[in-house]
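Only one structure is covered here, and it is reproduced in the block below.
No value in this document is a laboratory result; all are computed from the given coordinates. Note that the coordinates shown come from a computational prediction; the quantities given were computed from them, not determined experimentally. Because the Cβ atoms are built from the backbone with ideal geometry, glycine has one as well, and the counts that use them run over all protein chains shown.
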Amino acid sequence: MATTTVIGEVPPYVSDDEMDASEMEHNGNKKREKKRQRNWVEKMVFINTEEAEEAMIKEDQRSYHHTNTTATEKRNFIDVIKSKLVPSRIPTEVKTIIQESFELKLKPKAIIEVLHECGITTPSIHQLNNFLRTIKSKKLDPTSISLGEIEQWCLKSSQSIPESDDAPFFALYQIIYDDDGDINENKFRFFITIKRLLQTASISKKIHADATYKLVWQGFPVLIIGATDLDRHLHLFGMAICSNETTQDFRFRFRSLQKGMKKLNLEEIDPDFLIADDADAIRNAFQDVFGEKKWLCVGRICVEM
């Protein structure tokens, strides 16, 4: 019985380097470029590892070791990494110029131009921005404040009434910790005013009261109270900041106004009516403090006009 043997041609072996240089992708793409090889240059020769490490220490360089073991030999490698340069700090005299420019409300680019005009080597924009942030953090109020800090602030500012008619002071404040009767727990309320505003309040008969989110402090709306003249200009009596907007908070605002006028020995305010929006909390608080008075709804007035 005859046997037929088919011998197929075995393709020749091709190394990776040859494939990188000559292989063509089947989808028609360009040939892959051959991987670049490192060209090592002999710069220094050392007798042992200790001598190499000493030389690197003198040149202020860092290194780490690794070992490559093959079938024929064992090689020790020392990879040398140059130390990063530590950026120089901004000199004191340059900081003084930057601070003066900041007081003039100059932007970072304008500050750099000022330093160029003075013939001073300018810091990097990163260094300049960091220093400007430091100045702002010292000059401006912190981004957050605790209930204890609010209490100390109110206590310090309410101990005495300033002599100036335009210096602010606290007419009244309340700090309530862990109020079990309220789901909102900790609460604060304080009313800020000046002598000149209270003198205007003593001769006013129409009161405007509202809460505005256009002016906030630590995320809490400012509760304003004042009166309008014949030219429809609003004259503030003061402003209150409370952790809530309930009837108790608006009642505190009206009582703070009375308390401030008593401190200045002014005639107690007795308004004829209240001008406010259709909020029960404001209207009920006004009646609790001043009794049954007329109430004009701002929304209805605007519709009729």
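Here are some notes:
- Full-extension gain in nm, Asp270 to Ser160, via 0.36 nm per residue minus C-alpha separation: 37.0 nm
- Under 5 Å from the amide H of Asp277 lie the amide H atoms of Val298, each residue being 5 or more positions distant or on a separate chain, with H modelled from the backbone and absent for Pro and chain starts.
- Summing charges over all other residues whose Cβ lies under 14 Å from the Cβ of Pro221, with Lys and Arg as +1 and Asp and Glu as -1, gives -1.
- By the count of neighbouring beta-carbon atoms within 10 Å, fewest first, Lys43, Lys262 end up ordered Lys43, Lys262.
- With K and R counted +1 and D and E -1, the other residues having a Cβ less than 9 Å from that of Gln174 yield a net charge of +2.
- Förster radius 25 Å - calculated FRET efficiency between Asp288 and Ile203, Cβ distance, rounded to 0.05: 0.60
- Whether the stretch 198-305 is rounded, prolate or oblate, judged on the alpha carbon gyration tensor where a/c under 1.5 counts as rounded: rounded
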